[in-house]
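Heads up, the thing below is written out as structure tokens.
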Amino acid sequence: MFIRSWFNKNKHRNKQPQQQNRPVIPISANLEDTITKIINQLGNSPDVIVRRFTLGKEKRIPAALLYTDGLVSNSIVNHFFQTLLTEYPEHSNLSPRTVVKDQLLNVGEVIESENQTKIINELLRGASVILIEGEKKALIANSKGWESRGVTEPENQVVIRGPREGFTENIRTNTALIRRKIPSSKLRLEQMRIGTLTETTVGIMYIEGNANPKIVEEVRNRLSKIKIDSVLESGYLEEFIQDAKWSLFPTIFNTERPDIAAAELLEGKIVILVDGTPFVLVVPATIVRFFDAADDYYIRAPMASLLRLLRIATFMLSMILPSLYVAVTTFHQELLPTTLLISIAAQREGIPFPAFVEALMMELTFEVLREAGIRMPRAVGQAVSIVGALVLGTAAVEAGIISAAMVIIVSMTAIAGFTAPSVDLAIAARIIRFGLLVLSASFGLFGILFGLMMIAIHLVGLRSFGIPYLNGLAPFNLSDQKDIFMRIPWFMMLSRPRLFSQANEVREKPTIPHPPKSRRRNKQEGDPS
């Protein structure tokens, strides 16, 4: 019901825009003329190599091999040269282009093209182009072989138990990592190129039968409408296709772990891959997903549930703890025990600033230290942030500028913020924290309550590709409670989330092995019991 009404309201967004096709510039049958045009269009770049040669010892047909140095595999290019120079048949009734394509080039992908623009684009993507005198079509052979980073353990989404492999900057490696985990014929991959200058390869992966076809079509339409000159990272696309452009809360999930991407696909979601970045996008996304860690599904259910509840509690603590301290110490001192109130008052004696200014100064200082620790070289960044916090905190307390209780509150807030598995959600909490500080300094606990109510209203109204952001909670669905605040054991997860996978909601019913029943021992065998 929710998806149907959302898509009906946004029908005008699903109309395919008319794509403006680029004009086709045909190449000439004259070899030198074609080479000159290609080289001139590339600005005589020194990394574009032109190797002229002749086909056949008797016919001696002029030809040329073009490739971009650094983007091709040298072994493949050398193999091309050896084959073309030594194995061309002298007596053949076929055209030279057909002979080269069908008999000499033994690579996986060889296409023909007469479009000069396409030839140049493929040349700059690592392909080798073969031009033959008298032929109006060029042969484009796959010879990509640039240097790339290998599959290593992700640096951000660290797990205690689980796979140690992460995505790379090569989109083909990333799709292979997912296919290795889901070797199913229902796994679909669609590709397009976005960016008038970069023409970045973007892939859409989903499982047919699990993913909602309307959401798949919506993802496809939103990506096809993007008009931009370059896409260097998946964050470019995220800002284009997200529902709430100005919301602090992320409505698109990102990950650099293939196991998480595979799990999301099995839930009925769609994965968007971008060439050149190890971070893939997952849609639709709900707020509950941002509290999940990868090893929640690899450890036993009771421990996973406890850790998830802990992360949710510490996230709320990281948002409201400084504002709660300011509100209580400024407006609601009667809520504190007498002993604690006297201790805080003694610490604040001689402090020249109110509690709000104290909290604001400490929060800003910690944000500066956090950013400095991230941007500095890794060898010294962590040490600088830790030592800086200790030195500044101790010096501020001894100088009488900040109370010791405020240092404790800010430190607890910072530690609680580090427990969030999602960096995007942690950043949202850091920004909201300042707003709640202002409300608490102005209206006390009533201001905090008002701020939390506004946040709740905002979350209820958010959508991610037609799916409510609080799916499972608002609207409430009893069957989805098995994996929200707590995770039940795998043998009890019999269904997928209802709104994500309407076509194939029921999983395979698991077969649960039971231990053998205890049998009474035969006393005739001499058992004393």
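Structural remarks
- Once the C-beta distance of Arg220 and Met454 is scaled by a Förster radius of 35 Å, the resulting FRET efficiency is 0.50 to the nearest 0.05.
- For the chain, the share of accessible area belonging to carbon and sulfur comes to 60 percent (1.4 Å probe, ligands and nucleic acids excluded).
- Per residue, the accessible area of the chain comes to 53 Å² when a 1.4 Å probe rolls over the protein heavy atoms.
- Residue-by-residue Karplus 3J(HN,Hα) for region 461-477, coefficients 6.51, -1.76, 1.60, Hz, glycine and proline x: x, 6, 10, 10, 6, x, 8, x, 5, 9, 4, x, 9, 9, x, 6, 9
- The long axis of helix 213-224 is offset from the longest Cα principal axis of the chain by roughly 70 degrees.
- Residues His332, His514, sorted by accessible area with the largest first, give His514, His332 [1.4 Å probe; ligands and nucleic acids excluded].
- Listed residues Asp259, Asp69 arranged by accessible area, highest first, probe 1.4 Å: Asp69, Asp259
- When each of the peptides 443-450, 357-364 is scored by the mean number of other C-beta atoms lying within 10 Å of its residues, the order from highest to lowest reads 357-364, 443-450.
- Length available on full extension from Glu32 to Thr152: 0.36 nm per residue minus the Cα-Cα distance, which gives 38.6 nm.
- About the centre of its Cα atoms, region 112-202 shows a dipole size close to 560 debye [charges on the beta carbon of Lys, Arg (+1) and Asp, Glu (-1) only; nearest 20 debye].
- Relative protection proxy for 290-300, 227-237, 129-139, from highest mean packing down: 129-139, 290-300, 227-237 (other beta-carbon atoms within 10 angstrom).
- Label separation (Ser247 vs Glu367): 2.2 nm, computed from points 7 Å beyond Cα along the C-beta direction.
- The residue list Met406, Val77, Ser234 was ranked by how far each Cα lies along the charge dipole of the chain toward its positive end, using unit charges on Cβ atoms, and Ser234 comes out on top.
- Summarised in one figure, the compactness ratio Rg/Rh of region 224-366, Cα atoms and Kirkwood Rh, is 1.14.
- Segment Phe53-Thr511, extension gain: residue separation times 0.36 nm, minus the distance between their alpha carbons: 158.3 nm
- For the chain, alpha-carbon Rg over 2.2 N^0.38 Å: 1.30
- Helix 338-348 axis, angle to the chain major axis (alpha carbon atoms, nearest 10°): 60
The values are calculated or read from the model by the stated rules, or taken from the named source; none is laboratory data. This is a predicted model, so every value here is computed, not measured. A quick note on method: Cβ atoms are made from the backbone with ideal geometry, for glycine too, and the neighbour counts reach across all protein chains shown. Note: areas computed on protein heavy atoms with side chains; ligands, DNA, RNA excluded. Shrake-Rupley method; radii C 1.70, N 1.55, O 1.52, S 1.80 Å.
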